[in-house]
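For reference, the structure discussed in these notes is given below.
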Amino acid sequence: MLHIALLLSGFALATEPGTQEDLLFGDIPVVTGASKYAQRVSDAPSSVTLITAEEIARFGWRDLAEILDAVRGLHVTNDRDYKYIGVRGFSPPGSYGERVLFLLDGFRLNETVFDSSTPDGVLPIDVADIDRIEIIRGPGSALYGTNAMLAVVNIITRRGRDLQTSELEIGGGSYNSVHGRATWGHRFASDWEVLTSVTARWTEGQDHYIPWFDRPLRNDGLAEGLDSERDVDALVKVAFRDLQLEFFGGDRKKEVPTAPWSTYFNGRPQYTRDAKAGLGATWEHRTETGTAYHLDSSVNVYDFAGEYPYNFGSPEDVRLVSNQDRATSVFWSLGGHVSQDLFDGNRLIAGTEVRHALIRSQFNGDLNQRGTVYLDRNDPGITAGAFVQDEWRLADPLMVQAGLRADYYPEFGLTVNPRAAAVGTIKDTALKLLYGTAYRAPNAYELFYEDARYQKSPEALGPERSNTAEVVVEQRFAERWSATAAGYRTLMADIIASKRDPGDGRQIFANVDRVRIQGVEVGAEGHETWLETRLSYARQDVRDAATDTELRNAPQHLGKILASPAVWPERVFVGAEVLMVDDRRGVGATIRGYTLVNAHINVRNLAEGLQLGFTVRNVLDSEINHVGGFEHRQPRILQDGRNFRGSLQYSF
């Protein structure tokens, strides 16, 4: 009951779309996550990309990974279990995306055991329920604290008023895939507003030939029936004037065909399961004098289970024992901020946040007759932070912003992270000079995971740290056309990595590496009813700062071409995307670059309220490989060949 009380009286993290500030900008692109209030993209102290629901529909994207893979300077890696986001070339094998902060309507999605939030089926909502996504590049710790080292991805879902109807969707495709969705939304005259959505997905997957296991005693390298995935998601939003309550939840199970962690190839059971849910409340209010109050609280639950078969016999006399990994994260957050225009051209915002990890438990054991347990512990924790930020519009073309945040952790103490920005705008051209620091606190897995065989916990572990300098030029050519160029340099220190202890041979996490990230990005985009288009190129260089060695899974070149013209205005749209990824250094091998071509057709008003979508992925049937992690025997992971999917949606 205490948590429910806190939930209903808690504090806010982000401005909810649809507030009074939306009216200030009209059709001008607006971002809310860059400064925790609505502002024009050209004024934001970051390089920002906005993805809208219209683009998601016209390109036929079905998960967050497909969306982010089309964004300037980002790339996605799929190891057949999870998908991982790389930002500006940084995506080392073994990373679970913990250096990117994911928000859902302002609520933190990164859990507290692994800090993970992968952009795949683990996302606890359907992408059809997304109104827009804000990709905010660069350090965000001055506002958000840990995880916001490389970027913040702010996912904003639809509201009841955005539908005023019901939607039913069914679909299917290659690999015996099926999915269904039911959504209802409405805004009542009494100011009550409701949205509910439920989605279920299933795919049988495919058999995988993996030549590194091609031996008679390993089924000749063929993993059979080990690629299925099922996923159930739900979203409920209830709003009344200044108050909004929200529930989201998802449960995803994925079989793993690649035999990671030295498991027995083609053995069963071999899967991972991720369940994630959150319950939150936000309240915001603006007074007649212009003071804005934002209050928010949430309770988040994450439960992970993985089961892996190991052979305790000989190659000829196989005796499989299942090893089980489990992790549970339960945390509640409480925070808020107040913003005030102190005088003409000045806006001050200040806030605080407390996160209490009630449960951070980890378990590992063998499911044999003896029930051998190697790890079983729970390490609750609490952290608190406060931030302040001030924005001055010194003259008509010049805006300066400065802020900092301080966070305290019992494990390593206080960390303070500032940021500063100078933004000059002349007519339709904006020049941004940006600087900021960021950090990532060590997670519970890195701090406390220990077993009797392979890994032990460190005596001390500090946070990862980074500082970034960036120059951004943004140019608007018309109301809906723009171009961006950016140059950046990031220095990361005290990177946490697993190393072998020469004393006992076990692995241990330590602050060991320094990384240098630098590069340039250029992009252009247009958003018209007759054409949605994005073009981008990124040249990025990611190296070990001590040895000048190129990091693994760090493509130096990324090119993206997206175009969706209206073949029949307001009725038929086609979308095509060409994604080009350079060679990447893998674990013991170089992974060749690739070109991925996807196509989609979206037919609206096929009949009253009925629309059709049909997608072909990997149109050219190209051989595409992603980098395998240290847990894999194979250095490359083969991706899907040409495949298709289709859907019918009925609105009534």
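The values are calculated or read from the model by the stated rules, or taken from the named source; none is laboratory data. Predicted, not measured: the structure shown is a model, and the values here were computed from it. Quick reminder, even Gly has a Cβ in these numbers, built from the backbone with ideal geometry, and neighbours come from all protein chains shown. With ligands, DNA and RNA removed, areas are computed over all heavy atoms of the protein, side chains included. Shrake-Rupley method; radii C 1.70, N 1.55, O 1.52, S 1.80 Å.
With every protein chain left in place and a probe of 1.4 Å, what is the accessible surface of HIS179, to the nearest 10 Å²?
30 Å²
Taking the Cα centre of the stretch 329-430 as the origin, how large is its charge dipole in debye, to the nearest 20, when only Lys and Arg (+1) and Asp and Glu (-1) carry charge on their Cβ atoms?
The calculated dipole for the stretch 329-430 is roughly 240 debye.
Output the pairs from LYS83/LYS276; LYS499/LYS560; LYS432/LYS560 with a Cα-Cα distance over 28 Å in this structure; if there are none, say none.
Check vs 28 Å cut-off fails for LYS499/LYS560.
What percent do you get for the relative contact order of the stretch 113-156 when only Cα pairs under 8 Å and 6+ apart count?
Once normalised by length, the contact order is 36 percent.
Between the stretch 360-415 and the stretch 61-83, what is the separation of their alpha carbon centroids in Å?
25 Å
Using the heavy atoms of the protein chains and a 1.4 angstrom probe, tell me the accessible area per residue for the chain in square angstrom.
40 Å²
Could you tell me which label, among [x] 24.2, 80; [y] 48.7, 184; [z] 28.5, 101, carries the value of Rg and Dmax of the Cα atoms in Å calculated for this structure?
Label of the calculated value: [x].
For LYS456, list the aspartates and glutamates whose Cα falls under 14 Å from its own Cα; do not include residues on the same chain fewer than 8 positions away.
Filter leaves ASP376, GLU446, ASP501, ASP504.
Using helices alone, what [θ] at 222 nm do you get for the chain, with -39,500 (n - 2.57) per DSSP H run of 4 or more residues, divided over all residues and rounded to the nearest 500?
Taken over the chain, the calculation gives -1000 deg cm²/dmol.
Ordered by residue, what ³J(HN,Hα) values in Hz, to whole numbers, does the stretch 275-286 give under the Karplus form 6.51 cos²θ - 1.76 cosθ + 1.60, where θ = phi - 60° and Gly and Pro are x?
Going residue by residue, I get 10, 9, 8, x, 10, x, 9, 10, 9, 9, 8, 10 Hz, with x marking Gly and Pro.
Give the residue from PRO635, GLY505, VAL542 lying farthest towards the positive end of the charge dipole for the stretch 505-643; charges sit on Cβ (+1 for Lys and Arg, -1 for Asp and Glu) and the dipole is referred to the Cα centre.
GLY505
Give a quick list of GluC sites (Glu not before Pro) in the stretch 229-321 that DSSP marks as loop, anything other than H, G, I, E or B, with at most 13 other Cβ atoms within 10 Å.
Sites meeting the loop and neighbour criteria: GLU288, GLU316.
For the stretch 582-596, what does the Karplus curve 6.51 cos²θ - 1.76 cosθ + 1.60, with θ = phi - 60°, yield as ³J(HN,Hα) per residue in whole Hz, taken in order and with x for Gly and Pro?
After applying 6.51 cos²θ - 1.76 cosθ + 1.60, I find 6, 4, 10, 7, x, 8, x, 7, 8, 9, 5, x, 7, 10, 10 Hz.
So what is the relative contact order for the chain, in percent, with contacts set as C-alpha pairs under 8 Å and at least six apart?
Once normalised by length, the contact order is 13 percent.
From largest accessible area down, sort TYR435, TYR96; use a 1.4 Å probe on the protein chains.
Accessible-area ranking of TYR435, TYR96, largest first: TYR435, TYR96.
From the phi of every residue in the stretch 144-157, what ³J(HN,Hα) in whole Hz does the Karplus formula 6.51 cos²θ - 1.76 cosθ + 1.60 yield, where θ is phi - 60° and glycine or proline is x?
Result, rounded to whole Hz: 10, x, 5, 6, 7, 7, 9, 5, 10, 10, 9, 9, 10, 8.
If you take the square roots of the eigenvalues of the alpha-carbon gyration tensor of the stretch 252-353 and sort them as a ≥ b ≥ c, do you get rounded (a/c under 1.5), prolate (a/b over b/c) or oblate?
Taking the square roots of the gyration eigenvalues as a ≥ b ≥ c, the stretch 252-353 is prolate.
Carbon-plus-sulfur fraction of the accessible area of the chain, 1.4 Å probe, in percent?
Reported share for carbon and sulfur atoms: 58 percent.
If packing is taken as the average count of other Cβ atoms within 10 Å, what order do 272-282, 320-330 fall into, highest mean first?
Highest-to-lowest ranking by the protection proxy: 272-282, 320-330.
Mind listing which GluC sites (Glu not before Pro) in the stretch 495-583 are in a DSSP loop and have 14 or fewer other Cβ atoms within 10 Å?
In loop regions of the stretch 495-583 (DSSP not H, G, I, E or B), the sparsely surrounded GluC sites (Glu not before Pro) are GLU528, GLU570.
With +1 assigned to the C-beta of every Lys and Arg and -1 to the C-beta of every Asp and Glu, and no other charges, what is the dipole magnitude of the chain about the Cα centre in debye, to the nearest 20?
Value, rounded to 20: 780 debye.
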